[in-house]
1. I'd like the full set of residues that are buried (at least 18 other Cβ atoms within 10 Å of the Cβ) and aromatic (F, W, Y), limited to segment 27-55.
2. Somewhere in segment 283-297, is a residue surrounded by 14 or more Cβ atoms within 10 Å (Cβ to Cβ), closer than 30 Å to E38 by Cα and in contact with a Gly (Cβ under 6 Å, 6 or more places away or on another chain)?
3. Can you tell me which of (1) out of contact with any Phe, Trp or Tyr (no Cβ under 6 Å at 6 or more places or on another chain); (2) buried (at least 24 other Cβ atoms within 10 Å of the Cβ) is the one K24 doesn't meet?
4. For segment 128-175, what are the residues that are in a strand (DSSP E or B) and touching a residue at least 60 places away in the same chain (Cβ under 8 Å)?
5. Here are A84, A13, A7: which of them is free of Cβ contacts under 8 Å to residues at least 40 places away in the same chain and surrounded by fewer than 22 Cβ atoms within 10 Å (Cβ to Cβ)?
Amino acid sequence: MTLFLCAPRGFCAGVVRAIHVVEKALEKHGAPVYVRHEIVHNKYVVDDLKKKGAIFVEELDEVPDTDAPVIFSAHGVPKSIPLAARARNLLAIDATCPLVTKVHREAEVHHKRGRLVILIGHKGHPEVVGTMGQLPDGAVLLVETPEDVAKLQVPADRELAFATQTTLSVDDTVEMVEALKARFPAIHGPHKEDICYATTNRQDAVKAVAPKVEAMLVVGSPNSSNSQRLREVAETEGCRVARLILRADEIPWDDLQGITRIGLTAGASAPEILIDEIVEALRARFALTIETVTIADETMFFPLPRELRESV
């Protein structure tokens, strides 16, 4: 079997920063630290941080009155969450990815200029909930499909702007933006596209590998938007077998029978140790040749929040 490794793959700068936020908070303050929502969407990462002393909760009311830090996940939170933490005098540390924060700030600027914001994203995803929660109710309209765009009802004299979730399919988002611009030619867009560099690079790497292989394995969690999009891109590009798996024990061996060329990538919240685990599982079954297909070199780095920099 020939294994084609997609590059870039796995951790992005925002995920690295978020994980380091939890680790440095534990180093500085000791255990426990509380984390609202999964810090990133990966069970291996979350379980590892739990072992180190992180306690994960879904809502602030699950956090007792404490001096321990409360960390907000990389996906971002509505404005009401930091306000609630401040009201309880909790030590809040924001691990929101700076590229998500960029979308928040853009939405706020549009709102201050009197524009109704249309957000392209997936309903219920924490990033979408956080972005919509930056503005008052009704100030952001969510669209998921071109059909949603066609059904939008907005005042004829209202200025419009759009923003996007950072982890969407690049190709699907282009279609959505074209639909918005076709219906609302004067709509304002972001100065620089909202889909993050890591999402774009990982999807481009899958597009480069997919024509070479019969199957694609994507390492990532089912609730990881960017990982799901990688699987979809592989399918769109013609892979007859495209599977999202958490780790090696989920490899669909029956689906790989007769296949001699396989691709492997990982979502932005999946650590490289899980890739290594899958490579070894394949090596145990096949005479394996490995080729790496690189479409970009990533050098992005995000500094830690101010509250933790002094401890580094």
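No lab work stands behind these numbers, since they all come straight from the coordinates. Since the model is a prediction, treat every value here as computed from it, not as a measurement. Here the Cβ positions follow ideal geometry from the backbone for every residue, glycine too, while neighbour counts run over all protein chains shown.
1. Y34
2. So far as segment 283-297 goes, no, none of its residues is surrounded by 14 or more Cβ atoms within 10 Å (Cβ to Cβ), closer than 30 Å to E38 by Cα and in contact with a Gly (Cβ under 6 Å, 6 or more places away or on another chain).
3. (2)
4. Within segment 128-175, the first condition is being in a strand (DSSP E or B), and the residues that meet it are 140-143, 160-164.
Listed by number, the residues that qualify are A163, T164.
5. Values: A13 fails: free of Cβ contacts under 8 Å to residues at least 40 places away in the same chain; A7 fails: free of Cβ contacts under 8 Å to residues at least 40 places away in the same chain.
Among A84, A13, A7, only A84 is free of Cβ contacts under 8 Å to residues at least 40 places away in the same chain and surrounded by fewer than 22 Cβ atoms within 10 Å (Cβ to Cβ).
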